[in-house]
Amino acid sequence: MEEEGHPIHVLMMNRDISYFQHVKSVLSEKKPVIPTFEVVGAFSLPQAYRLLGKVKFDVILLDNEFQNGNGSGIHLFHQVQKQAINTPIIVLAESQDTAQALLEMHEGAQDYFVKWECHPERLMFSILFSIERNRVRQSLHQINNELERRVVERTKQLRNLTEHLQSIREDERTSLAREIHDELGQELTAIKMYLYQLDKSLAPTNSQAVSQETYGHLHSMSQLIDQTIQSVRKIASELRPSLLDHLGLAEAIEWETEEFQKRTGIFCFHSLAREIVPDRNHTIAIFRIFQEIMTNITRHSQATKVEVRLSMEKRFVVLEVSDNGKGITEDQIQDPNSLGILGMRERALYMDGEMTFEKGKGQHGTKVVLKIPYRQSEEALCHASGF
């Protein structure tokens, strides 16, 4: 509602001067509690547009026969609506037309009256109600825009935090993998050498008699150490495949695919564009998403065959993983508790990419497609530039 002491500015677009004078007279009458009205008439469309450019009106009373021909009805309403954005419009008609009334109300008209049949007080209160409703609508729109802005900002902050935590996690994995490989690997190798020296010192040529049982224990210990060395290498590789740092994304995916086939017995086919060399962060993210996809195949798909493709489409890196398993349902894709899928999507979104889940070939299995803008590594850029 307008503040006390401030008049309500009404633009009346109407060709009937007698009706304009009638409405102006009715609205100009002083009434308790009701604000005063200042009614301005426009008797042609150019005149109305000039007034709208100079004065901020609180409401427009629009005669839907203001202009004959194409400039009347809903076409006229849309014209005025574009010129007077966020200004409520009340339509005045020569006669009752329910279909026209419903159409204009649907398009945004605040109210619809038949001229000379409308009670003055009803028109007055319709004006007041339209202004208040429009004020509330604009306030809600501003609040909604502010909430959306905050949601976008908070989402960006959370994604930045997630990426920061992922980066810390990758650094810790790299450090831990290096320590496991270097420290434990070296110590186990040293133990293996000491055991070898012990075995030599207890050889049958030695004067001291040694039982076959002792030799059996030494042999078992040697085998156990070999197995432990292999386990250490496997754990270090799972934490951070050295191929990822030394040879690149395609080679790391190839190695992971071959290891997956050995572990699961699921046949794997891969086609990898080895010239794709993304920057470090993108390489890690793509590889971790790939690992999560393969983990999901192991756990849920019941597949016997997997196809992996890494390619370039325009300026996007595209990773496609297809299986011939039982497939994933839409409910599973949209399940808020599917943390693996959520995690993959968040990684992709942070890199301005996207992930899609589709039916596989012949409507069997699942096809996961990851598309990420290609950001070439510095090494690849230097190599391409001849440095």
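Some observations on this one:
- Members of the stretch 183-214 found to be surrounded by 12 or more Cβ atoms within 10 Å (Cβ to Cβ), at pLDDT below 75 and under 18 Å from D226 (Cα atoms), listed by number: G185, D199
- Filter result for T162 (within 36 Å of the chain's Cα centre (by Cα), surrounded by 14 or more Cβ atoms within 10 Å (Cβ to Cβ), on the phi < 0 side of the Ramachandran plot and not aliphatic (A, V, I, L, M)): yes
- The residue list K115, K156 contains one member that is in contact with a strand residue (DSSP E or B) (Cβ under 8 Å, 6 or more places away or on another chain) and among the charged types (D, E, K, R), which is K115.
- L140 vs. criteria among the hydrophobic types (A, V, I, L, M, F, W, C) and either modelled with pLDDT under 90 or loosely packed, with under 10 Cβ neighbours inside 10 Å (or both): no
The values are calculated or read from the model by the stated rules, or taken from the named source; none is laboratory data. Every value quoted in this text rests on a predicted model; they were computed, and no experiment measured them. Every residue, glycine as well, gets a Cβ built from its backbone with ideal geometry; the counts of neighbours run over all protein chains shown.
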